[in-house]
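Nothing in this text is a laboratory measurement; each read-out follows from the coordinates by a stated rule. The shown structure was predicted, so the numbers you read here are calculated from the model rather than taken from an experiment. Note: ideal-geometry Cβ built from the backbone for every residue, glycine included; neighbour counts use all protein chains shown.
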Amino acid sequence: MIFRQLFDPQFCTYSYLIAARRGGEAILIDPVLEQVPHYLGLLASLDLKLVQAVDTHLHADHITGLGALRNKTGCIAAMGTNTRCELVDIRLYDGELIKVDGLVLRAIHTPGHTPDSYCLVMQDRVFTGDTLLIGATGRTDFQGGDAAAQYDSLFGRILTMPDETLVYPGHDYKGRWVSSIGEQKAHNPRLQVDSKAAYVEMMARLDLAPPKMIKIAVPANLQLGLPQQDLGDGAGPKMLEIAALAPFAGV
Ligand code: FE
């Protein structure tokens, strides 16, 4: 399997390129608009055909690369069934299986950060978007966020996975790139609550500043990141490739 965890240093966003083999088909999770030229270069270097790009939710902190990738590669742009974006090609439903060249990802609806938040489960790992972060959980104070729903998504769906399941988040601001369900259950401070009410109260007290990009990113992402500026050759800060066999990061 080809697996590349790609970090955008400007937005501290992780994107994931997955394919069964060189020369085959690929899927990209949560692409960032500014990195599209770099994704295209990586796809070319691995001789991959991008067939699907998926956003785990409607992002508020960066502009999606879904529309640009669709334009450049002809891939399918996908989001969850209740996304507010009207321009997606397919809407994933809870339990839907995404099949790419023999690889299978299962979409699970995990509302809370946003109503349209999905996680994607593949083999030994789960791509948690902003539902579960390493040492945190996605904020629930805008875009229809709902801390009670997030509690149900976390404790009812995500944390019921085997402890050894690898957790690949949508963001990290401290250089951590992978964890596990067991580590998060044991050490994530947001998960050390004994009731839904306690979780809701904790989330209500976070008092976070709004994301800098929200007034630009949300309207743009409702248009699938279109219209775009000329992407050029990727003049912004280039994505970092986290080594496929990097040591386990821990918490
Ligand atoms: Fe988010």
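Just a few scattered comments:
- Antiparallel bridges, percent of DSSP beta bridges restricted to the chain (to nearest 5): 65
- Net charge over other residues, Cβ less than 15 angstrom from the Cβ of Arg21 (K, R count +1; D, E count -1): +1
- Formal net charge of residues neighbouring Val126 (Cβ-Cβ distance under 14 Å; K, R +1; D, E -1): -2
- Scanning residues 5 or more positions from Ile98 or on other chains, those with amide H under 5 Å from its amide H are Leu105, Arg106, Ala107, with H placed 1.01 Å from N in the peptide plane.
- Hz values of 3J(HN,Hα) by residue in region 128-144 - Karplus curve (6.51, -1.76, 1.60), Gly and Pro given as x: 9, x, 9, 6, 10, 9, 6, x, 7, 9, x, 5, 10, 9, 7, 6, x
- Residues of type lysines that Lys196 reaches as a straight line, Cα spacing below 21 Å, ignoring anything fewer than 8 places off in the same chain: Lys185
- For Gly112, nonlocal amide neighbours, meaning residues 5 or more places apart or on other chains whose placed amide H falls under 5 Å from its own, are Ser117, Asp146.
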